[in-house]
Structure formats: structure tokens, C-alpha cells
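Report on the structure given below.
The values are calculated or read from the model by the stated rules, or taken from the named source; none is laboratory data. Since this is a predicted model, take the numbers as computed values, not measurements. Because the Cβ atoms are built from the backbone with ideal geometry, glycine has one as well, and the counts that use them run over all protein chains shown. Heads up: the accessible areas ignore ligands, DNA and RNA and are worked out on the full protein's heavy atoms, side chains in. Shrake-Rupley method; radii C 1.70, N 1.55, O 1.52, S 1.80 Å.
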Amino acid sequence: MGNLLKVLTCTDLEQEPNFFLDFENAQPTDAEREVWEQVDVVLKDAKGVLDELQAYKGAGQEIREAISNPNDEALQEQAWAAVVPLVGRLKKFYEFSQRLEAALHSLLGALTSETYDDPTQHLEREQALAKQFAEILHFTLRFDELKMTNPAIQNDFSYYRRTLSRMRINNVPAEGENEVNNELANRISLFYADATPMLKTLSDGTTRFVSENKNLPIENTTDCLSTMATVCKVMLETPEYRSRFTTEETVSFCLRVMVGVIILYDYVHPVGAFAKSSKIDMKGCIKVLKDQPPNSVEGLLNALRYTTKHLNDESTNKTIKSMLQ
């Protein structure tokens, strides 16, 4: 896989972009470098965020004891001492989501600009930026999978807010309040209230990008997303491409990215990913998912079932609905 890009000509894929997106080795060209470096700073912290989230145990035990023994001051203090540093971590994850959205804006700005005629050329010639966009989506879906399976996050934060307001009423100075003031606590609370908070951040961010760049046709953004979904699908279903992945991790990376761009497209495109006019071959994408070992893709199928916007529209093809049932 030495070369940055190898173009294949596949007669059976005439309608689909038929190039190999090198998710493993793409390096930035001079033209990509400035945006690439901005985004790289953010992506360098993404792994640490996932590791911290994966290790997040919560203060359930301390909270339960404090609630069961409301008059035991020592237990109240123990619960508070356990929750405050956890809230610091939750604040850090929330702040990272803001940085991620800014990075996404930089990438979309580059990948949808008028530099090239169409999204295929952008993705083909700006492989390092396409790879970073893919890494953001991969991180997002991974973060949300971990968050969904960890109810401690919302419990800890709710307990923190309830205790804080009680302390205010009683004029007790609250250590850690400087960490999270009321306005920030409201925003963080809204963030975690969503089943898939990072995905919501990205879809809101992409929608904002489109509305702030009125000079850019919305198709520049939606075509970039649909092309990326297609490229991932083609790489996964074509043995000649798939054999170039050096690890199984790249396969799951590619699957996650495909699902991530479908969901973003579904939010940003006026009629969504499931409509007849959609530029994404949804049946083909779902088939690719279903061809994988079931335990490896259940979370991704659930993401399509429960976090898309248009799946349950009247206009959605019945076959697609039944494929996802």
C-alpha cells in the first residue's frame, strides 16, 4: 500500500467512485497541511478521551449510601468528594465535543470548497483530510457506544446538580462550583441527556456549517458525505480493495465511518438518506453491515435504527425498513 492512492478501474462499479481511500497510510500534501495540523491537535486527544470514558466507573455506591442516609453528614461528604472529580471529567468530555465540532468545520471547509469540481476529486486528492474526517466519525460513534452503556454518567451529573442547588439554598460554599457554573451545567446536562451526544454535536455542527456558508451549495456538503459512504461501502464489498487492509481494525473503522456519514447525511440532507432520491445506496450499505459477524455490527445497525432522522418517514422504502428490523 506504499502509494498514497491507487485507482482501480472496475467495470461493475461505473456509477460509484472507484478509488481506494487509504485509511491506514494517507499523509498530508502541502496543500492539506495547514488544516491537517489544526485537526491533528484535536485528534491526538481523542484516544485519551475514549480511554477515560471506558474507565469511567461512576460514584453509584457513594450516591446510594448518601441518599439512603440523608442525615449522615460523613456519607454526604463522601458522595460529594467522589462526584466532584467525576464531574470535572464529564466537563472535559463536553469541552472536547466543542473542539471536535470546530475541527469538523475546518475539514468540511476544505473538503467542500470550490478547489475541485466534485467530492470524488476532493476525497481522492485530499486523502489525509478524508482520513481525519473518518477518524472524527469513528471517535464519535465509539464515544456514543460507550456513553450509551454507562448510566452512571447521567446519574452522577444529576446528583451533582441536585446537591449543588441544595448547598446554594443553605449557603454552603461548594468546592468545585468554580469548575461548573450554572449556565455551563445546563449545557453539559443537555449534552448528556442525548442518547448519542457526540453524534448530535456533529450533526448540529454540520447543519450549522451549511447554514453559515450560504455561498456554498448544500450539495457540496451532502455529496461529500454520500461519496464517502459509497467509497467505504465499495472498499468493504470489493475483495480486491478489502484485501489491502492490513488489519481487521481497519474493517471495523471503515464500517463505523460508513454508518457515521450516513447518519450525518440523513440529518443534513432535506429528505435524508432513506428517500428514493438519496445518493446513498442504503440497501447496499445495510447488506455490507449484515455480511459482517453479527456481534461486531449490532451497535452500528442500532445506530441506523435509532439515531437517524428519516428512517420512519412514510417515503422510506419498505425493504429498507424490513432490512433494519
- Filtered residues of the stretch 41-86 (kept if open to solvent by 90 Å² or more (accessible area, probe 1.4 Å) and either farther than 17 Å from residue 172 by Cα or in contact (Cβ under 8 Å) with a residue 12 or more places away in the chain (or both)): 44, 47, 54, 57, 61, 64, 67, 78
- Item | Checklist (1) buried (at least 22 other Cβ atoms within 10 Å of the Cβ); (2) touching a residue at least 60 places away in the same chain (Cβ under 8 Å); (3) among the hydrophobic types (A, V, I, L, M, F, W, C) applied to residue 229, failing item | (2)
- Message: Can you confirm whether residue 228 is under 24 Å from residue 282 (Cα atoms) and at pLDDT 90 or above?
- Response: no
- residue 303: at negative phi, of a type in the set (A, V, I, L, M, F, W, C) and touching a Leu at 6+ places or on another chain (Cβ under 7 Å), yes or no? yes
- Item | Selection count, the stretch 290-309, where residues are open to solvent by less than 40 Å² (accessible area, probe 1.4 Å) and more than 18 Å from the chain's Cα centre (by Cα) | 1
- Task: Evaluate the following for residue 111: is it open to solvent by less than 30 Å² (accessible area, probe 1.4 Å), in contact with a His (Cβ under 9 Å, 6 or more places away or on another chain), closer than 23 Å to residue 27 by Cβ and in contact (Cβ under 8 Å) with a residue 60 or more places away in the chain?
- Result: yes
